[in-house]
Amino acid sequence: MAIYENLLLDQQNGILFITINRADKMNALNIETIREIRNAMQQVYDDASIKGAIITGAGPKAFVAGADITEIAELSEVTARSFAERGQDVFAMIERSNKPVIAAVNGFALGGGCELAMACHMRVASENARFGQPEVNLGLIPGYGGTQRLTQLVGKGKAMELMMTADMVNAQDALQLGLVNHVVPQEQLLDKCVEIMEKIMSKAPLAVGLVIECVNAVYTKDEDGYQTEANAFARCCTSEDFVEGTSAFIEKRKADFTGN
């Protein structure tokens, strides 16, 4: 198992809890943390005992308060491009995971932190959560996919406003905008995420993964989402879980899915 300096990993009942553990830095994302997130996600991909992941930040103040400004300040045009592409690749790995990934957003989710949360399949926020893409304050733009995912989630006009003004939105406003799925008291944050994850884990794993693939296809320009859906639907119909699910329905019993 990989050794982590900036993450805490804890696996319980099929759920891998990934905690960004740089509370003294407001959990800011530096290059090493991005690398460790990639390694943790590779573990999610490879370990059959992991059915889903919950990503959160250490401490009550921040999910992730942004990227590490001391590293950003040293970037040149060439290194900046690779810096952005590295982060985009890791966040795409989260987005494309066929196992559900939920962001448990506690406190500030700014810049790269907001981008990390948006790469997850859904977001649950504590009441003290704050979201924003304040990069223009630094003479920058979001570089880890924020211009794309924020637009997908809240629409073009509001995304333009948030990124050009650098305004933050609170948890309730984020809920109204569709940026988060649920808002709960901070002490209930992880419990709510586990509740959602356990409900998902009770469903057919292959079907859950194909839902993720098909929804992601909506935003892929070179892919026909309807054809992706038809192909995925056909694949489901060849699975053991399909036989089990339909049999359980007819027999009025709970299905026992295996993911095959």
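Which is exposed (fewer than 15 other Cβ atoms within 10 Å of the Cβ) and more than 27 Å from Gly87 (Cβ to Cβ), of Lys252, Lys192? Give the derivation first.
Numbers: Lys192 fails: exposed (fewer than 15 other Cβ atoms within 10 Å of the Cβ).
Answer to the check: Lys252.
Exactly one of these conditions fails for Phe257: (1) closer than 20 Å to Ile94 by Cα; (2) over 17 Å from the mean Cα position of the chain (by Cα); (3) not aliphatic (A, V, I, L, M); (4) not in a helix (DSSP H, G or I). Give me its number.
(1)
Has the range 103-113 got at least one residue that is crowded, with 24+ Cβ neighbours inside 10 Å, in a helix (DSSP H, G or I) and touching a residue at least 40 places away in the same chain (Cβ under 8 Å)?
There is at least one residue in the range 103-113 that is crowded, with 24+ Cβ neighbours inside 10 Å, in a helix (DSSP H, G or I) and touching a residue at least 40 places away in the same chain (Cβ under 8 Å).
Anything in the range 118-132 that is touching a residue at least 60 places away in the same chain (Cβ under 8 Å) and either part of a helix (DSSP H, G or I) or open to solvent by 10 Å² or more (accessible area, probe 1.4 Å) (or both)? List them, or say none.
Met118, His121, Met122, Asn128 - these are the residues of the range 118-132 that are touching a residue at least 60 places away in the same chain (Cβ under 8 Å) and either part of a helix (DSSP H, G or I) or open to solvent by 10 Å² or more (accessible area, probe 1.4 Å) (or both).
Do you know which residues across the range 60-96 are assigned to a helix (DSSP H, G or I), open to solvent by less than 40 Å² (accessible area, probe 1.4 Å) and of a type in the set (Val, Ile, Thr)? Full working, then the answer.
Taking the range 60-96 as the starting set, the residues that turn out to be assigned to a helix (DSSP H, G or I) are 69-72, 77-96.
Right, trim to open to solvent by less than 40 Å² (accessible area, probe 1.4 Å) and you get 72, 80, 83-84, 87, 90-94.
Once the filter is applied, which keeps residues that are assigned to a helix (DSSP H, G or I), open to solvent by less than 40 Å² (accessible area, probe 1.4 Å) and of a type in the set (Val, Ile, Thr), the range 60-96 yields Ile72, Val90, Ile94.
So Asp222 clears everything in (1) at pLDDT below 95; (2) surrounded by 15 or more Cβ atoms within 10 Å (Cβ to Cβ) except one condition, right? Which one?
If we test Asp222 against (1) at pLDDT below 95; (2) surrounded by 15 or more Cβ atoms within 10 Å (Cβ to Cβ), just (2) comes out false.
Any residue at all in the range 9-16 that is buried (at least 17 other Cβ atoms within 10 Å of the Cβ) and under 15 Å from the mean Cα position of the chain (by Cα)? Working first, answer last.
Of the range 9-16, the ones buried (at least 17 other Cβ atoms within 10 Å of the Cβ) are 9, 15-16.
Now drop any that are not under 15 Å from the mean Cα position of the chain (by Cα), which leaves 15-16.
Yes, the range 9-16 contains at least one residue that is buried (at least 17 other Cβ atoms within 10 Å of the Cβ) and under 15 Å from the mean Cα position of the chain (by Cα).
Report, by residue number, each residue of the range 163-176 that is open to solvent by 30 Å² or more (accessible area, probe 1.4 Å), touching a strand residue (DSSP E or B) at 6+ places or on another chain (Cβ under 7 Å) and either closer than 19 Å to Tyr144 by Cα or part of a helix (DSSP H, G or I) (or both).
Taking the range 163-176 and keeping what is open to solvent by 30 Å² or more (accessible area, probe 1.4 Å), we get 164-165, 167-168, 170, 172-173, 175-176.
Imposing the further condition that a residue be touching a strand residue (DSSP E or B) at 6+ places or on another chain (Cβ under 7 Å) reduces the set to 167-168, 170, 172, 175.
Asp167, Met168, Gln172, Leu175, listed by residue number.
The values are calculated or read from the model by the stated rules, or taken from the named source; none is laboratory data. Nothing here was measured: the structure is a model prediction, and the numbers come from that model. Every residue, glycine as well, gets a Cβ built from its backbone with ideal geometry; the counts of neighbours run over all protein chains shown. SASA here: full protein model, heavy atoms, side chains in, ligands and nucleic acids out. Shrake-Rupley method; radii C 1.70, N 1.55, O 1.52, S 1.80 Å.
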